[in-house]
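The values are calculated or read from the model by the stated rules, or taken from the named source; none is laboratory data. Every value quoted in this text rests on a predicted model; they were computed, and no experiment measured them. With ideal geometry, Cβ positions are generated from the backbone for all residues, glycine too; neighbour counts draw on all protein chains shown. Each accessible area value is taken on the protein alone, full model and side chains, heavy atoms only, with ligands, DNA and RNA left out. Shrake-Rupley method; radii C 1.70, N 1.55, O 1.52, S 1.80 Å.
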Amino acid sequence: ALSMLATTAGLYVIPWCKEYLLLTVLMSVIGGSMGILDTGGNVLALNTWGAEAGPHLQALHFSFAAGAFVAPILAKMALGGSESKELPGAEKTNQSVLKSVPTASAASTTPALEDRNNEDFLWSYIIIGTYILFISIFFFVLCSKGSSGHDKPKASAQKRKLAKYHWPLIGLLFVFFLFYVGAEVTYGSYVFTYAVDFAEMKESEAAALNSVFWGTFAVCRGAAIFGAAFLSPGTMIVMSLVCSVASSSALAFFADYRASLWGGTAVYGASMATVFPSGISWVEQYTVIEGKSASLFMVGAALGEMCIPAVVGYLQGRFHHIPVVMYAAFATSIITALLFPVMYKLANISQEKDLKEVRDSETRKALLSNSRLTEDEEDAEDEEDMREWNDADFEVIEMNDKLKNSLTDTSRRIPGDSPAEVSLQPHLDNVLGDSPVVAGGSPGRQNGNVDGEKSE
């Protein structure tokens, strides 16, 4: 919301700016706010949808492609139409004569044309700025209400840990996006010049070739919104890189053929469409992408957008007869195709180590739980043994009580003070005093002793 508000302020002030220093400051503010929007938008999409952010990232970057395709057409309709109406025969007129001999009609037409162009530029800035202002207000409303839906993704992101090779992986992605975005912007910027200078096309044909590149670029990004629901980000990146290498090879070595130029441009634009959003979705599968990580590879993309077109333009100016643009497209395609397997290997090594650590920790927990179960089982067995011994003791005590009762009853049945009563008393004391012997004996033996005493 803040970045779009700063963009709106810059767009409102720029049409009335007359000082180049102030204009530079305003353009820097807009550039910085656009960079914040790029970084914050990608991170916001990841925080909002998490692992399901693939189609949403494709939709986000499709809006960039749609704007890049539609905006020049609208600008040409707004600005080019008025110029052609004011000077319908300008192309057939000797421009040097018009400059050297300013007639009254020319003098009156030129200020009117300038005023009309200034008015069109003014309204263009105002319309775009107002549109961005409404979107900024919409985001401010969302921030004021708050969104409880962001709590779960943030909590899940906090539970996840950074990959073991997080920063090397982000560094490789930095270089990957540097060459990818640089190649995309370079070809989109110079394909018109290449078509006019090397392919000797008319300007209308060259403009159509440029539109083919950006048109296939936008269409494939729109199709990727639905394709991301069925294909993994890694698969989409591999398909894009293979098509990029094939099409750039055709452009670099067979661009003399018109069919190869048109077909190669269409396929190259389509292959460049899904790499950037798929790359963000792919790396998010292996590590946590936060503001710092996202800003790092977004800086790589911005450097590629700034440096590679400048280098290619400089070399093309030095070597007029060499198609530097096509060779640059081929070289960057090879570099990105070689970088992705390295990133994939590094990400999988990190993931395998994390899984190994998780398995080791789970194994330790299992061993600890097994040892605890063994100790518990041993304790349970000891308790069962103690219970068995206690039960045996209770049985012996019960047997002694029964034997004592039986002997007491027998002694009561003998009349008077017979010698049997005297002889029974020591036997009874021995029996009660030595319980194991009685417990081990048999009832028959006990009865035999009693009968013998009776007969005596």
Given the conditions (1) buried (at least 16 other Cβ atoms within 10 Å of the Cβ); (2) at positive phi, every one holds for residue 200 apart from (1)
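Would you mind finding the one in 308, 334 that is of a type in the set (Val, Ile, Thr), modelled with pLDDT of 90 or more and under 26 Å from residue 206 (Cβ atoms)? Explain how you work it out, then say what you get.
Numbers: 334 fails: under 26 Å from residue 206 (Cβ atoms).
Result of the check over 308, 334: 308.
Kindly establish whether residue 218 is within 20 Å of the chain's Cα centre (by Cα), of a type in the set (A, V, I, L, M, F, W, C) and crowded, with 16+ Cβ neighbours inside 10 Å. Show your work before the answer.
Working: within 20 Å of the chain's Cα centre (by Cα): no; of a type in the set (A, V, I, L, M, F, W, C): yes; crowded, with 16+ Cβ neighbours inside 10 Å: yes.
No: the conditions fail for residue 218.
Table: residues versus (1) of a type in the set (A, V, I, L, M); (2) under 23 Å from the mean Cα position of the chain (by Cα).
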| position | (1), (2) |
| --- | --- |
| 226 | no, yes |
| 237 | yes, yes |
| 242 | yes, yes |
| 248 | no, no |
| 264 | no, no |
| 277 | no, yes |
| 284 | no, yes |
Out of everything in the stretch 17-49 that is among the hydrophobic types (A, V, I, L, M, F, W, C) and in contact (Cβ under 8 Å) with a residue 24 or more places away in the chain, what residue ends up being farthest from residue 304 (Cα to Cα)?
49
Just one of the numbered conditions (1) modelled with pLDDT under 90; (2) open to solvent by less than 30 Å² (accessible area, probe 1.4 Å) is not true of residue 7; which one?
(1)
Kindly indicate whether residue 142 is at pLDDT 85 or above and surrounded by fewer than 12 Cβ atoms within 10 Å (Cβ to Cβ).
yes
I need the full set of residues from the stretch 39-64 which are more than 18 Å from residue 2 (Cβ to Cβ), surrounded by fewer than 19 Cβ atoms within 10 Å (Cβ to Cβ) and aliphatic (A, V, I, L, M), in order please.
51, 59
